[in-house]
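The values are calculated or read from the model by the stated rules, or taken from the named source; none is laboratory data. All values derive from a computational prediction rather than experimental measurement. All Cβ positions, even for glycine, are placed from backbone atoms using ideal geometry, and neighbour counts span all protein chains on display.
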Amino acid sequence: MKRKILIPILLLIILSLACNLSANKTTQETEEPVRVPVKEEVTSPAPVVDQPSISGAAKNIDEVRPAVFQLFATGTYNDIDQGLVLNAEWGGSGFFIHPSGIGVTNNHVVAGAAILKAYVNGETNPRNVRVLGTSECADLAVVQVEGSDFAYLDWYEEEVKTGLDVYAAGFPLLDPEYNLTKGIISKVNADGQTSWSSMSYIYGHDAKINPGNSGGPLVTNDGKVVGINYMTQATFDQQFAIPASQAIPIVNQLRERNNVASLGMDGTAIVFGPNSEYPGIWVYSTTTGGIADKAGIKPGDIIHEVEEILVATDGTMKDYCDILKSHDLDDELKVFVYRWETDELLEGSLNGEKLAYWGSAGLSGEAETWVEEEGETTYTENEPYRTEEFDGDISWWSWFTTNGDEDQLDIYQDNGRIIFEMYDTNIWAYLTYDEYYYDDVEVHTLVENRGMNTNSVSLMCRYDENLGWYEFNIGSDGLYNILRYDGSLSNGSYTLIASGGSNQIRTGKEYNEYAIRCQGDTMTLWINGKQTNSVRDRTLKEGLIGISASSYEVTPIIVEFEYVDIFYP
C-alpha cells in the first residue's frame, strides 16, 4: 500500500535568526529562518523629532542612526509547519555603505520578497528597494534603496579582539523606533556552521538583539561596522554577527550584481523520513529567474543531493555550500529533489536539464522506500564475468548470520553445490563472495529446495560490513521481499523496500532460477526468467555480492545453490 512520507522533522537547535517571525507564527528558538509578521497597526516608523539631517560617513555612535534603515518585505514562502503562505509580510534591518543608497542586509530578510520597502531615518513614506545581489551561504544581500545622499557607515578594518565595545543598531521586533544596545565582543572565532548559512567563523557578542535586528550593523564607538547581526541564542543570551572581514569581499561582488554561492533561494537544513534518516535543504522561498527557479525548484521542495553528494547530513549547510563554493554559479550541477507537496522524486540539473519526474516516494510497512513503476526488462544473456560452480576452491566465500542458533546451522560444499542445512527455526544465514566490490552488478543463481517447504533464499548486492546491503528474499510460500539492511546501527535493521507474491515461484521441493540487477539506483528482481519487481533506492553505492538462506517455522531446511553467475550489466 502506498503511503505518504512522514512530515519532515527539523533538527531542532536552540538558535534563531535575528530577523522576523513568519506570519501567524510565534517566536521559537530554532535554527530555521525566523520571521515576525508585520503588525497591522504599524504602517510606518515613528517620525524623528529634532533629528538633524546627516550625510557622509558616520564618525561616532550618534551618527549611526540615519545610516540604518528598516526593511519591510511582501512575498510568498513555504513554511515547514504552515505550508504555503501567500502575501506574507515580514521585516528586518539594513544599513547604507554608500551615499547612493547601496545597503547591506541578510539574505533571509530579502529572499522570496516580491515587494521590498525601506523606511529611512524616521521618514513616514517608504522608499522602493531593489536587490542587487545575494549570498545564501553567507546570509548576505546588497540592496539599492531609492534616493541619494544618504548617511552611511564605513567598515571597521582593525583587528577585532575580545572585549571590544560594540553596539547593535536596528529595529527589533519590527518596532518602528530605532533601537541601540551596548555590549562587547565575547568570541572572535565562534562556529559559523548553521542550518541556513555556512561561514568559517562568526563573532559572538552580548549587545542584545531580537528578531527584526537581522541585517542591522554591529558598530564601534566611532560608528564603524564590525559585523552584521544575524542570529541570537536567546536561552543563553548570546548574539552573533557576520564578521566585516568576511563580509567585505562578498559585499563588493554583490554590489556589482554578482551573486556569491547563491541559487536565488532561502533554505534551511532539515532531516526527514519516518526515522529522520534523510537529510536535505528545505527550500523556503525562491527568487523568480534565479538558478533554482529556472531549474524547476519550488518553495517546499527538499534538495536531497547535489552532484550525487548527500547534503545537510550534519544538520548544517556546510556540504551544500562547499559544493557551491567549489563551482562557478553557471556550472551545471546535478540535483536530486523530493517534492513534499506531491510525494514525487525529481532529478535534473542546475543550469542544465530542468527537473523531471524520477519516481514516487512512499512507505512500505514502517519504512520509507522510493519505488518506480514496474516495467518489463530482460536480464543480460552475455557471458558472465565470473561463474562459481562450487566444485573447487571456495576460500573467497565467507559466512555470517544475523539471527538464530549457529550450532543448528551447517554450510558446506558437496558435489558441485553449496548447501545450507538448518535444524532450528528463524536462522538467517549468509554467504558473501569477498573477491570484488561491485557498484553495478547482475547476479544469477539456480537453487533447489530439498527440505521442508518453509524457507526462503536470497540474493544480495552492495554488501558492506559497516553500511549494510540490499537483499532480494524469495520465500518457498510464493512471496518475496526486497530489503535494505542498515549495518550502521548497533544492532542492524532491516528496511522493507517492496514486497509481493509471484506465481512464478515454484513452491515445494523444486528448482528455481533467480536473478537480480543492482544498477545505479535501480534494483530489479527476476524469478524464473520473469521480471517481478523493480525499485529504486539511493542509499548504498557499492559492495560485495552474496547468497542467503533462512528457516521459518518447520525444520529441517536443506537448500542447495547449484551455481552463482556474476555479470556486468
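Quick check: anything in region 503-514 in contact (Cβ under 8 Å) with a residue 40 or more places away in the chain, assigned by TED's automatic domain parsing to the domain that holds Glu560 and touching a Lys or Arg at 6+ places or on another chain (Cβ under 8 Å)? Yes - at least one qualifying residue is present in region 503-514.
Is it fair to say Trp396 is under 41 Å from the mean Cα position of the chain (by Cα), at pLDDT 85 or above and at negative phi? So Trp396 fits the description; yes. As a summary of the residue check, Tyr320 satisfies the conditions (1) over 30 Å from Ile115 (Cα atoms); (2) of a type outside the set (A, V, I, L, M); (3) buried (at least 24 other Cβ atoms within 10 Å of the Cβ) except for the one numbered (1).
Restricting Phe561, Phe567 to residues that are among the aromatic types (Phe, Trp, Tyr) and more than 17 Å from Thr432 (Cβ to Cβ) narrows the list to Phe567. Could you tell me whether any residue of region 544-552 is crowded, with 18+ Cβ neighbours inside 10 Å and closer than 25 Å to Glu308 by Cα? Taking every residue of region 544-552 in turn, at least one turns out to be crowded, with 18+ Cβ neighbours inside 10 Å and closer than 25 Å to Glu308 by Cα. Taking the listed residues Ala247, Ala241, Ala234, Ala269, the one that is modelled with pLDDT under 95 and in the same structural domain as Val166 (by TED's automatic domain parsing) is Ala234, with no other qualifying.
Looking at region 300-312 only, could you name the residues that are of a type outside the set (A, V, I, L, M) and either farther than 13 Å from Leu355 by Cβ or not in a strand (DSSP E or B) (or both)?
Answer for region 300-312, where residues must be of a type outside the set (A, V, I, L, M) and either farther than 13 Å from Leu355 by Cβ or not in a strand (DSSP E or B) (or both): Gly300, Glu307, Glu308.
So, restricting to strands (runs of 3 or more DSSP E) that lie completely within region 397-472, which ones have at least 2 residues that are surrounded by fewer than 21 Cβ atoms within 10 Å (Cβ to Cβ)? Hits in region 397-472: 397-403, 409-414, 417-422, 428-438, 441-449. With the requirement that a residue be touching a Ser or Thr at 6+ places or on another chain (Cβ under 6 Å), surrounded by fewer than 21 Cβ atoms within 10 Å (Cβ to Cβ) and of a type in the set (Gly, Ala, Ser), what does region 115-151 give you? Listed by number, the list holds a single entry, Ser148. Counted as qualifying within region 152-234 are the strands (runs of 3 or more DSSP E) with 1 or more residues that are surrounded by fewer than 24 Cβ atoms within 10 Å (Cβ to Cβ), namely 165-170, 179-190, 202-205, 225-233. The set of residues from region 165-185 being among the small types (Gly, Ala, Ser) and either in contact with a Ser or Thr (Cβ under 6 Å, 6 or more places away or on another chain) or under 23 Å from Thr134 (Cα atoms) (or both) comprises Ala168, Ala169, Gly170.
Quick grid of which residues meet (1) in a loop (DSSP other than H, G, I, E, B); (2) of a type in the set (A, V, I, L, M, F, W, C); (3) on the phi > 0 side of the Ramachandran plot:
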{"position": "Val251", "(1), (2), (3)": "no, yes, no"}
{"position": "Glu256", "(1), (2), (3)": "yes, no, no"}
{"position": "Gly267", "(1), (2), (3)": "no, no, no"}
{"position": "Val271", "(1), (2), (3)": "no, yes, no"}
{"position": "Val283", "(1), (2), (3)": "no, yes, no"}
{"position": "Ala292", "(1), (2), (3)": "no, yes, no"}
{"position": "Lys298", "(1), (2), (3)": "yes, no, no"}
{"position": "Asp328", "(1), (2), (3)": "yes, no, no"}
{"position": "Leu346", "(1), (2), (3)": "no, yes, no"}
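Residues in region 521-543 that are closer than 30 Å to Leu310 by Cα and either free of Cβ contacts under 8 Å to residues at least 12 places away in the same chain or not in a strand (DSSP E or B) (or both): Asp521, Asp537, Arg538, Thr539, Leu540, Lys541, Glu542. Within region 479-498, residues that are of a type in the set (Ser, Thr, Tyr) reach partners that are modelled with pLDDT under 80 and crowded, with 18+ Cβ neighbours inside 10 Å with beta carbons closer than 9 Å, at six or more positions or on different chains, in the pairs Ser493/Ala367; Tyr494/Ala367; Thr495/Ser364; Thr495/Ala367; Thr495/Glu368; Thr495/Thr369. For region 523-554, the candidate set comprises residues that are among the charged types (D, E, K, R) and within 28 Å of the chain's Cα centre (by Cα); within that set, the residue that is farthest from Asp434 (Cα to Cα) is Arg536.
Among the residues of region 473-516, just one is part of a loop (DSSP other than H, G, I, E, B), surrounded by fewer than 16 Cβ atoms within 10 Å (Cβ to Cβ) and among the hydrophobic types (A, V, I, L, M, F, W, C), namely Leu489. Asp330 fulfils the conditions (1) within 30 Å of Gly192 (Cβ to Cβ); (2) modelled with pLDDT of 85 or more; (3) surrounded by 15 or more Cβ atoms within 10 Å (Cβ to Cβ); (4) out of contact with any helix residue (DSSP H, G or I) (no Cβ under 6 Å at 6 or more places or on another chain) except for a single criterion, (3).
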